[in-house]
Amino acid sequence: MSSNRVEEIKKEDKKAFKSFAIMMVISAMIGAIIGGGSIYLQENIGDNISEFLLNALMIITPYASLVLSILVIIVSVVIYSNSRKKLKLWNQSDDQEEIIDNIEEKLSYVLLFASVNLIIGFFFFGAGMGLFSEDSYGKVILFFFGFIVCVVSTVLIQNKVVNLEKEINPFLNGSVYDFKFSQKWLDSCDEAIKLNVYKSSFKAYKSITNTCLILWIVCVLGYNFFDFGIMPLVMVTIIWLVQTIAYCIESIKCSKNKIN
């Protein structure tokens, strides 16, 4: 490596270090404020917050999954029907490429709504298992039914969207009901779609890393001031480790394939 390049690297580090040091000082100040605020909250309204959250969950948990799933189903049916009509219109035309772009964007939002609804459904299912006793038969049956509707509707919506995507792009393959769907779908994608997937994956990796750091702070504060226990911290650490290790190992594999 030439001496000029070494000097360039040193200058780049020196320039970046100033901003880094400032951010560390600001972060330390914010941490001190949050820590002091947490002590105040614990002493004054900590128990009230916990009780309020539990009461709110007790009220909404039996109905949340069912209501949200019905809303997602309605929105998905409307968007899907509109997209199919637009696809039919596109098939009768030769130069309306923006129609396809609009359809695929709308379908992506449908998948987003369905996926978010599924995650929220799992949350309320877990909350219901912890909140309700066997004496609350009506509520237990209701949140079980809501969870089933959530899971089934998500799978059916994803299947409809994927099949419509395959009509738009005949080169795409894979069935939602296939356990190897993700790999088959990615293998059938063209380079443009794969590049979009890779960019989105890297963005998701960065977002999860930042989120894990924030959750780590919340868990540490909660462990000391709100009696969260150690398990939330353990779970966040596991998620953080898994996504970091998986990313690094896959990056190493890709580098080896590139060399070979």
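The values are calculated or read from the model by the stated rules, or taken from the named source; none is laboratory data. Just so it is clear, the model here is predicted, and its values are computed rather than measured. Heads up, the Cβs are rebuilt from the backbone with ideal geometry, glycines too, and the neighbour counts pull from every protein chain shown. Remember, those area values only see protein heavy atoms, side chains included, never the ligands or the DNA or RNA. Shrake-Rupley method; radii C 1.70, N 1.55, O 1.52, S 1.80 Å.
Remarks
- For the range 154-193, the candidate set comprises residues that are open to solvent by less than 70 Å² (accessible area, probe 1.4 Å) and touching a Gly at 6+ places or on another chain (Cβ under 9 Å); within that set, the residue that is modelled with the highest pLDDT is 154.
- Members of the range 130-148 that are surrounded by 13 or more Cβ atoms within 10 Å (Cβ to Cβ) and in a helix (DSSP H, G or I): 131, 139, 140, 142, 143, 144, 145, 146, 147, 148
Residue-wise test of (1) touching a residue at least 12 places away in the same chain (Cβ under 8 Å); (2) among the small types (Gly, Ala, Ser); (3) under 29 Å from residue 240 (Cα atoms).
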residue: 127; (1), (2), (3): yes, yes, yes
residue: 139; (1), (2), (3): yes, no, no
residue: 156; (1), (2), (3): no, no, no
residue: 162; (1), (2), (3): yes, no, no
residue: 174; (1), (2), (3): yes, yes, no
residue: 190; (1), (2), (3): yes, no, no
residue: 201; (1), (2), (3): no, yes, yes
residue: 207; (1), (2), (3): no, yes, yes
residue: 210; (1), (2), (3): no, no, yes
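- Meets criteria (open to solvent by less than 30 Å² (accessible area, probe 1.4 Å), in contact with a helix residue (DSSP H, G or I) (Cβ under 8 Å, 6 or more places away or on another chain) and either part of a loop (DSSP other than H, G, I, E, B) or not small (Gly, Ala, Ser) (or both)) for residue 151: no
- Subset of the range 194-243 [open to solvent by less than 50 Å² (accessible area, probe 1.4 Å) and over 15 Å from the mean Cα position of the chain (by Cα)]: 194, 219, 220, 221, 222, 225, 229, 232, 233
- In this structure, residue 250 does not qualify as under 24 Å from residue 162 (Cα atoms), among the acidic types (Asp, Glu), out of contact with any His (no Cβ under 8 Å at 6 or more places or on another chain) and open to solvent by 60 Å² or more (accessible area, probe 1.4 Å).
- Considering only residues in the range 76-114 that are among the small types (Gly, Ala, Ser) and exposed (fewer than 14 other Cβ atoms within 10 Å of the Cβ), the one that is nearest to residue 159 (Cα to Cα) turns out to be 108.
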